[in-house]
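The values are calculated or read from the model by the stated rules, or taken from the named source; none is laboratory data. None of the values given here were measured: they were computed from a predicted structure. Here the Cβ positions follow ideal geometry from the backbone for every residue, glycine too, while neighbour counts run over all protein chains shown. The protein model used for the area step is the full one, side chains on, heavy atoms only, and it has no ligands, DNA or RNA in it. Shrake-Rupley method; radii C 1.70, N 1.55, O 1.52, S 1.80 Å.
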Amino acid sequence: MEFALIALRQTAVMFLLMGIGWALYRGGKVSRDGSKDLANLLLYVILPCAILHAFCTEYTAEKSRRLFYAFWLSLAALLLAVLVSRLIFRRRPIDHFGAAFSNAGFMGLPMIQAVLGSEAVIYSAPFIALLNFFQWTYGVSVLTGQKGGLTPRKIVTNPILLSLIAGLACFYLRLSLPAVLSAAVSSVAAMNSPVAMIILGVYLAQTDLRSLFTAPRLYGNAAVRLLLIPGLTLALFSLLPASLWEARLALLIAASAPVGANVAVYAQLNHLDYAYASKSVCLSTLFSIGTLPLVIALAGLLWQ
């Protein structure tokens, strides 16, 4: 019951933030072009700061060990999600993107903290960093249909990768950002979820919400994101030794979160149906109130 309440609370916060975006658009305070500017701010400034901030923590051998395990488990979980999504939604780019990439930050982090404690949140840093990197590279190539989206030049110059490299350098070289810069990065990073949800609300204000529960495609996408991919991830992680139970449970939670809000942002920036993408986020988030606690409970039974 406790986990369901956490999911319900995060969902309520998410919809309140989306309500702000909805009201801003309906009131004429934010236009379609304005929402695109906000999307660029999110992708080019806020997300890189969020990734950098995640690694700005004091180095210890224990944290280094946790990050090592988390990196490889995160990579395995994300590659599994991408493969499953590609097999099922190969001809439906928005569904492909949405099912592959979860809302690990907004929905996953509070659940990880509640289940495992604040120390376990470090496992989510590589997952979120890799997730954003894959969205920027592979995800964009899916949405645009251009294989050239993964060229070496684009990979090494994208801000997501650069922020990941900078964050890892700060952690492993034990570098500290100047106090003023650290405060600025922390402040911008804190804007991640609110700005993403407000943008989503602007998108929803442009669509017919009555169709949210009447589109079979949305239910199929939610089923893959919330049930199939978490189930396969659970099976994969069950092959790991019991000593890694904390890492695998934390990352299972991150991998089981609903469709990430960024699918709508990337869809708009690539001139696709971002209204449909927004509805996929909303519907899967509503259903995650039940599915996230279910996945956690099932993992507890199998891994105890």
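Among the residues making up the stretch 33-53, those that are β-branched (Val, Ile, Thr) and within 12 Å of Leu162 (Cα to Cα) are Val45, Ile51. No other residue among Leu239, Leu301, Leu228 is open to solvent by 40 Å² or more (accessible area, probe 1.4 Å), over 17 Å from Ala7 (Cα atoms) and not in a helix (DSSP H, G or I) apart from Leu239.
Answer yes or no as to whether Gly105 is part of a helix (DSSP H, G or I) and open to solvent by less than 10 Å² (accessible area, probe 1.4 Å). So Gly105 does not fit the description; no.
When Arg91 is tested against (1) outside any helix (DSSP H, G or I); (2) open to solvent by less than 80 Å² (accessible area, probe 1.4 Å); (3) not small (Gly, Ala, Ser), exactly one condition is not met: (2). For Ala261, the requirement of being hydrophobic (A, V, I, L, M, F, W, C), under 29 Å from Trp72 (Cβ atoms) and in contact with a helix residue (DSSP H, G or I) (Cβ under 6 Å, 6 or more places away or on another chain) is met.
Here is a yes/no grid of residues against (1) polar (S, T, N, Q); (2) surrounded by fewer than 19 Cβ atoms within 10 Å (Cβ to Cβ):
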{"site": "Ala61", "(1), (2)": "no, yes"}
{"site": "Leu83", "(1), (2)": "no, yes"}
{"site": "Phe97", "(1), (2)": "no, no"}
{"site": "Phe101", "(1), (2)": "no, no"}
{"site": "Gln113", "(1), (2)": "yes, yes"}
{"site": "Ser124", "(1), (2)": "yes, no"}
{"site": "Leu130", "(1), (2)": "no, no"}
{"site": "Phe133", "(1), (2)": "no, no"}
{"site": "Gly139", "(1), (2)": "no, no"}
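Taking each residue of the stretch 257-272 that is of a type outside the set (Ser, Thr, Tyr) and looking for partners that are open to solvent by less than 10 Å² (accessible area, probe 1.4 Å) and not in a helix (DSSP H, G or I) with beta-carbon atoms closer than 8 Å, six or more apart or interchain, yields Ala257/Ser102; Pro258/Ser102; Val259/Phe101; Val259/Ser102; Gly260/Phe101; Gly260/Ser102; Asn262/Phe101; Val263/Phe101. Scanning the stretch 252-298 for residues that are of a type outside the set (S, T, N, Q), open to solvent by less than 10 Å² (accessible area, probe 1.4 Å) and not in a helix (DSSP H, G or I) gives Ala257, Pro258, Val259, Gly260, Ala261.
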